[in-house]
Amino acid sequence: MPIYEYKCTSCNDQFEVTQKITDDPLSTCEHCGGELKRLITNTSFVLKGSGWYVTDYPSPERKKAMEEAKKATEGTKKQDDRKKEAVGSK
């Protein structure tokens with residue numbers, strides 16, 4: 001559930017509330033009864049790297065599987081190159 005930040009226009013009390021996206025915004029301050037405004041704040045969620053791909057930050061299991069797949073692919077390429085050399089030398 002998202003965390004929403006509110007500020008009272010009367011007493012300047014500022015607080016956070018965990019609400020469902022479908023919940024109506026709060027409108028009345030609990031402390032003074034004043035009007036609340038929902039604030040827009042920066043998120044702490046940051047994407048790093050070249051994109052949002054599974055290969056950017058793989059789990060240890062996923063990383064191991066990717067390395068094994070890469071080795072298997074390299075082995076297949078080497079076999080293909082040997083076949084091409086053998087056909088070319090005939």
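The values are calculated or read from the model by the stated rules, or taken from the named source; none is laboratory data. All values derive from a computational prediction rather than experimental measurement. Using ideal geometry, Cβ is built from the backbone for each residue, glycine included, and neighbour counts are taken over all protein chains shown.
Table for the structure above
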{"quantity": "Qualifying residue in the stretch 47-68 (condition: part of a strand (DSSP E or B) and either surrounded by 10 or more Cβ atoms within 10 Å (Cβ to Cβ) or modelled with pLDDT of 70 or more (or both))", "calculated": "no"}
{"quantity": "Neighbours by Cβ (under 8 Å, 6+ apart or cross-chain): first from the stretch 1-30, part of a loop (DSSP other than H, G, I, E, B); second of a type in the set (Gly, Ala, Ser) and surrounded by 11 or more Cβ atoms within 10 Å (Cβ to Cβ)", "calculated": "Thr9/Gly34; Ser10/Gly34; Cys11/Gly34; Cys29/Ser10"}
